[in-house]
Amino acid sequence: MISPNLYTNFAQHQLPAIELAIHDYLNQSFSDQRQVLMDAMKYAAQNGGKRMRPVLALASFQMYSTDIVAILPFAVAIELLHTYSLIHDDLPAMDNDTMRRGRPTCHIQFGEDIAILAGDTLNTCAFELLANLPFSPELVLDAIRRFALACGVTGMSGGQVLDLKSTHSSATVVETIHRLKTGALIEAGISIPALLAGATPEHLKSLAHFGKELGLLFQIRDDILDVIGGNELGKTPQKDLAQNKLTYCSMYGLEGAKNEMMTCANRALAALSELPMCTDLLASCVSFGLVRDS
């Protein structure tokens, strides 16, 4: 496998531009009560994190174009969308978590009412950014459509509902939850930038397949880290076990989950092998996903 260092070095190189773009977009202030909403959005969105989704977006785009600046708004959009999902995921009505990225969750810091509004507004901001992407109207419309599908009932939100409400415990159910709740947005973050850069339908199909497997791999790794990790994860450890949630570890055991993760890695690399250009950077992300500790 390709060393994970290729991906981590690329991420470190791109992170300053990503952080600056997020900061600049959220750099608004108000003299009335709306300021607390902006403060909550900044608190959640500018609190570090791996920025894996925006980095992946840049990595996918750069296979087809050197104009990284053009895709930065999309990178910001997908990170803001992800942040909204984390705010809502942490709420008492969902996972009821009190720590995120090493400090109190948004609703603990600002109250449930402002946290809900902060999540809602970040979701709206993501689509505002997409609507103003510097590409042809046809491509932008297609990108928005694909992005919405990844977020809705056939994607992230649908996966969250299944995670909350599923009464059946099976390998198929847990895989479906993971592919929708986590994988759909990661897939979109890889395939949409390539679409905007002019990738062919055949390339998009391979990249979508890669994104699906990478997304599942990352979620399985999250399941494993919830079991073996500690407070250095930046969130409450062993929360899945405490809530009796369906995970790959609860379904397959720790070693079985690791085996399933390797299966995803092999399928992801097989999808990349269908592409004619150099895909070492994306392959390196697979290696990173297998060994990351946060």
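For region 20-37, indicate whether the set of residues that are touching a residue at least 12 places away in the same chain (Cβ under 8 Å), outside any helix (DSSP H, G or I) and surrounded by fewer than 16 Cβ atoms within 10 Å (Cβ to Cβ) is non-empty.
No, that holds for no residue.
Could you please find all residues in region 80-109 being in a helix (DSSP H, G or I) and out of contact with any Leu (no Cβ under 9 Å at 6 or more places or on another chain)?
Across region 80-109, the qualifying residues are LEU86, HIS88, ASP89, ILE108, GLN109.
Just name the residue that is surrounded by the most Cβ atoms within 10 Å (Cβ to Cβ) out of those in region 255-290 that are free of Cβ contacts under 8 Å to residues at least 60 places away in the same chain and among the hydroxyl-bearing types (Ser, Thr, Tyr).
Looking at residues that are free of Cβ contacts under 8 Å to residues at least 60 places away in the same chain and among the hydroxyl-bearing types (Ser, Thr, Tyr), I get THR263.
Can you give me the ranges of the helices (runs of 4 or more DSSP H) entirely in region 226-294 with at least 1 residues that are more than 28 Å from ILE190 (Cα to Cα), at pLDDT below 95 and not acidic (Asp, Glu)?
239-242, 248-272
Write out, first by first residue and then by second, each pair whose Cβ atoms fall under 7 Å of each other, whose residues are 6+ apart or on separate chains, and whose first residue, in region 113-130, is within 16 Å of HIS23 (Cβ to Cβ) and touching a residue at least 24 places away in the same chain (Cβ under 8 Å) while the second is of a type in the set (S, T, N, Q) and part of a helix (DSSP H, G or I).
LEU122/THR83
Tally time: how many residues in region 38-52 are part of a helix (DSSP H, G or I), under 15 Å from the mean Cα position of the chain (by Cα) and farther than 11 Å from THR83 by Cβ?
Here the count works out to 1.
The values are calculated or read from the model by the stated rules, or taken from the named source; none is laboratory data. Computed from a predicted model, the values in this text were never measured in an experiment. Cβ sites come from the backbone with ideal geometry, for glycine too, and all protein chains shown count toward neighbours.
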